[in-house]
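Okay, so here's the structure we're looking at.
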Amino acid sequence: MAIMKFNETRSASCRFITGLDGEGREKIMTRTIANFKIDSTLDDVYEVALAIASLYPYSVKTVNMAERCELME
């Protein structure tokens, strides 16, 4: 029997450098943007994440994307 995907979701997380701690290590803040359309391109997800990140006064360190779904027979 073929495996099917259900309830797909996609989100992106931006990790910001908010400063340095007392030992000189980067302090990181993460903000997540949820509910991207499943058919949105990677370029679109990245552009939207950076557009929202531009509203924050911090430098973006990384943009991560996560996809989740249920697998059923």
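Read the figures in this text as sums done on the coordinates, not as results from a lab. For clarity, every value in this text was computed on a predicted model and none was experimentally measured. Using ideal geometry, Cβ is built from the backbone for each residue, glycine included, and neighbour counts are taken over all protein chains shown.
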task: Would you mind checking the tilt of helix 42-53 against the longest principal axis of the Cα atoms of the chain, expressed as 0 to 90 degrees and rounded to 10?
output: 40 degrees
- request: Report the local net charge at D44: Lys and Arg +1, Asp and Glu -1, summed over other residues whose C-beta lies under 15 Å from its C-beta.
  value: -2
task: Write out the GluC sites (Glu not before Pro) in region 23-61 meeting two conditions: DSSP loop, and at most 10 other Cβ atoms within 10 Å of their Cβ.
output: E23
message: Using only DSSP helix segments of four residues or longer, with each worth -39500 (n - 2.57), what per-residue ellipticity at 222 nm results for the chain after dividing by its residue count and rounding to 500?
response: -5000 deg cm²/dmol
- request: Using the 2.2 N^0.38 Å rule of thumb for compact globular proteins, work out how the chain stacks up: its C-alpha Rg over that value, please.
  value: 1.42
